[in-house]
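The values are calculated or read from the model by the stated rules, or taken from the named source; none is laboratory data. Keep in mind that what you see is a predicted model, and the values were worked out from it rather than measured. Positions of Cβ are generated from backbone atoms using ideal geometry, with glycine treated the same way; all protein chains shown enter the neighbour counts.
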Amino acid sequence: MSQKINISITKTSKSRLADTDFDNLPFGKTFSDHMFMADYSDGEWKNFQILPYGEIGILPAISALHYGQAFFEGIKAYKHVDGKVSIFRPDKNGERFNRSAERLCMPELPLEIFLESLSTLVNLDRDWVPAKENHSLYIRPFMFATDPFLGVTPSASYKYMVITGPVGPYFSKNLKVKIETNYSRACDGGFGFAKAAGNYGGSMLPNLKASQEGFDQLIWTDSREHAYIEELGAANVMFLMDGTLITPSTRDTILKGVTRDTVLTLAKKWNVPVEERRISVEEVLKGIKEGRISDAFGVGTAATIAHIAEIGHNGELYTLPDPAKREFSNKLLNTLNDLRYGRSSDGFGWNYLVNR
Ligand code: PLP
Ligand code: COI
């Protein structure tokens, strides 16, 4: 790949790779040797650098800490069977990065800088990409406001950073989920479609309460009536009903997931009818009762394809068909894994090889 920005690289003098247990990789706890960092000031991005993963000096007054001008992305890199390393559809995340930036009054990051920061960093730490099934290198790009100023106005300076780390599955089991009818993740006119840090902060109390009731995750519903399905925790949600794949249409309260797009594209290729539309809670619960819903799952970068085994609503528990016997979602997961690990040809151009 041609060098488009000048990245200064300072390599670590002490790699942590040999001390990392690749057989035990809980999500988000292990970080690779290096990180990427760039600064925005005077209207431009500058100081592109890769340096050893570690602490960064920040002032206590930076506005990201007080007013939440901060957002992130989540992407995965995979090790192919022939040893090549590829990042899955990073261009889609780069586009969403800028949609988040715009909503939060933060500067656009040119797509070439985004892609080059990822590929240079992942290439440098390529030995950190696990080769095991359902394992990958999770890539976390993020941006935050750095003006040390307590006025509620957009910052004039920002940092863009990327950290990475090897991960295993985000969910270790099939999910028992609760349909949330009190709290909301996002509201009309808000910023649910952005990967704003604050969306996740606000989800923690409802999640904690649901876990205290014995649920693994929440199904978010619309904030006006709590009558329509929106998302599944930090993933989009899909149902196979009467042989049709249905998923909530995206709107300002719903993140436009890359995995969602990937799954819908595959379903269309397989001639499975697809409907993106509003889905009521009532329709789903009735569909389960009548045995018309044969599959239900979350789709996301961290979540991959996460089977929903049970759904709780207003004190009642609804059981879905045995996840091990589900044809559609299991075929999806296998197809996606074959593609991502380079075991089948990528006819979609979704694998972005690093060091091309
Ligand atoms: N919805 C939310 C709220 C998320 O945090 C995520 C995770 O990124 C998704 C959906 C799935 O999006 P993607 O497939 O792009 O990871
Ligand atoms: C991702 O799937 O990358 C996410 O952002 C989910 C994350 C909040 C764990």
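Overview of results
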| read-out | value |
| --- | --- |
| Answer from 251, 260, 277 - the residue that is basic (Lys, Arg) and crowded, with 16+ Cβ neighbours inside 10 Å | 260 |
| Hey, residue 237 assigned to a strand (DSSP E or B), in contact (Cβ under 8 Å) with a residue 12 or more places away in the chain, in the same structural domain as residue 324 (by TED's automatic domain parsing) and within 17 Å of the chain's Cα centre (by Cα) or not | yes |
| Boolean, residue 259 is within 16 Å of ligand 2 (Cβ to nearest atom), in contact (Cβ under 8 Å) with a residue 24 or more places away in the chain and in contact with a strand residue (DSSP E or B) (Cβ under 8 Å, 6 or more places away or on another chain) | yes |
| Residue that is farthest from ligand 1 (Cβ to nearest atom) [pool: residues in segment 185-202 that are surrounded by fewer than 20 Cβ atoms within 10 Å (Cβ to Cβ) and of a type in the set (Gly, Ala, Ser)] | 189 |
| Subset of segment 228-251 (residues that are more than 13 Å from ligand 1 (Cβ to nearest atom) and not hydrophobic (A, V, I, L, M, F, W, C)) | 228, 242, 243, 244, 249 |
| Which listed residue is within 25 Å of residue 100 (Cα to Cα) and more than 16 Å from ligand 1 (Cβ to nearest atom), from 52, 60 | 60 |
| Tally, over segment 309-332, of residues that are buried (at least 18 other Cβ atoms within 10 Å of the Cβ) and within 22 Å of residue 268 (Cβ to Cβ) | 4 |
| Odd one out for residue 181, checked against (1) within 16 Å of ligand 1 (Cβ to nearest atom); (2) farther than 21 Å from residue 6 by Cα; (3) touching a strand residue (DSSP E or B) at 6+ places or on another chain (Cβ under 7 Å) | (1) |
| Selection count where residues are out of contact with any helix residue (DSSP H, G or I) (no Cβ under 6 Å at 6 or more places or on another chain), without any contact (Cβ under 8 Å) to a residue 60 or more places away in the chain and either under 29 Å from residue 106 (Cβ atoms) or not in a loop (DSSP other than H, G, I, E, B) (or both), scope segment 185-219 | 13 |
| Residues located in segment 267-306, provided they are touching a strand residue (DSSP E or B) at 6+ places or on another chain (Cβ under 8 Å) and within 16 Å of ligand 2 (Cβ to nearest atom) | 297, 298, 299, 300, 301, 302, 303, 305, 306 |
| Qualifying positions in segment 83-123 - away from ligand 1 (no atom under 15 Å from the Cβ) and either farther than 20 Å from residue 4 by Cα or touching an Asp or Glu at 6+ places or on another chain (Cβ under 8 Å) (or both) | 83, 84, 85, 101, 102, 104, 105, 106, 108, 111, 115 |
| Strands (runs of 3 or more DSSP E) within segment 42-118 that include 1 or more residues exposed (fewer than 15 other Cβ atoms within 10 Å of the Cβ) and either out of contact with any Lys or Arg (no Cβ under 7 Å at 6 or more places or on another chain) or not assigned by TED's automatic domain parsing to the domain that holds residue 234 (or both) | 44-52 |
| Residue in segment 17-31 that is within 16 Å of ligand 2 (Cβ to nearest atom) and either in contact with a Lys or Arg (Cβ under 7 Å, 6 or more places away or on another chain) or of a type in the set (S, T, N, Q) (or both) present | yes |
| Segment 99-111 residues that are in contact (Cβ under 8 Å) with a residue 24 or more places away in the chain, paired with ones that are surrounded by fewer than 17 Cβ atoms within 10 Å (Cβ to Cβ) (beta carbon under 6 Å, 6 or more apart) | 101/108; 105/154 |
